[in-house]
1. Filter the stretch 47-59 down to the residues that are closer than 22 Å to residue 86 by Cα, touching a Lys or Arg at 6+ places or on another chain (Cβ under 9 Å) and surrounded by fewer than 15 Cβ atoms within 10 Å (Cβ to Cβ) and list them by number.
2. Only one of 15, 72, 65 is small (Gly, Ala, Ser), touching a strand residue (DSSP E or B) at 6+ places or on another chain (Cβ under 7 Å) and at pLDDT below 95. Can you tell me which?
3. Just name the residue that is surrounded by the most Cβ atoms within 10 Å (Cβ to Cβ) out of those in the stretch 5-38 that are among the charged types (D, E, K, R) and more than 12 Å from residue 61 (Cβ to Cβ).
4. List, please: which pairs have Cβ atoms under 9 Å, are six or more places apart or on different chains, and start with a residue in the stretch 17-41 that is within 17 Å of residue 67 (Cα to Cα) and end with one that is hydroxyl-bearing (Ser, Thr, Tyr) and assigned to a helix (DSSP H, G or I)?
Amino acid sequence: MSYETISLDVENRVATITINRPKMMNAFNEQLIWDMGDATEIVKNDSEIRVLVITGEGRGFSAGADLTEREASWSDTKDALLRGYHPFFKEYY
């Protein structure tokens, strides 16, 4: 599967998700959240995968939230957390 902001590779029962926004220090924008949600769902549903590694392209793992993003569909921070981040993380804590 092809993504705009990440790559997903599976080899020897190990999945690797690489955040690929190095010019933005891999900061999370809306597209990255959707891509990560989709990729982690694929990993979760593949019974052959035993390990998930999340890494970042370039010199940093992630700077956190992309505070420069102005065209997101979120109405506010709470909306971003509930619709974007929460579904992505809820399966893993």
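The values are calculated or read from the model by the stated rules, or taken from the named source; none is laboratory data. Just so you know, these numbers come straight off a predicted model, no measurement behind them. FYI the Cβ positions are ideal-geometry reconstructions off the backbone, even for glycines, and counts take in every protein chain you see.
1. Hit for the stretch 47-59 is 51, nothing else.
2. On the way: 15 fails: at pLDDT below 95; 72 fails: touching a strand residue (DSSP E or B) at 6+ places or on another chain (Cβ under 7 Å).
Criteria check complete, one pass: 65.
3. Taking the stretch 5-38 first, the residues among the charged types (D, E, K, R) are 9, 11, 13, 21, 23, 30, 35, 38.
From the residues that got through so far, the ones that are more than 12 Å from residue 61 (Cβ to Cβ) too are 9, 11, 13, 23, 30, 35, 38.
On the way: 9: 10, 11: 7, 13: 11, 23: 9, 30: 17, 35: 23, 38: 15.
Looking at residues that are among the charged types (D, E, K, R) and more than 12 Å from residue 61 (Cβ to Cβ), I get 35.
4. 28/85; 33/85
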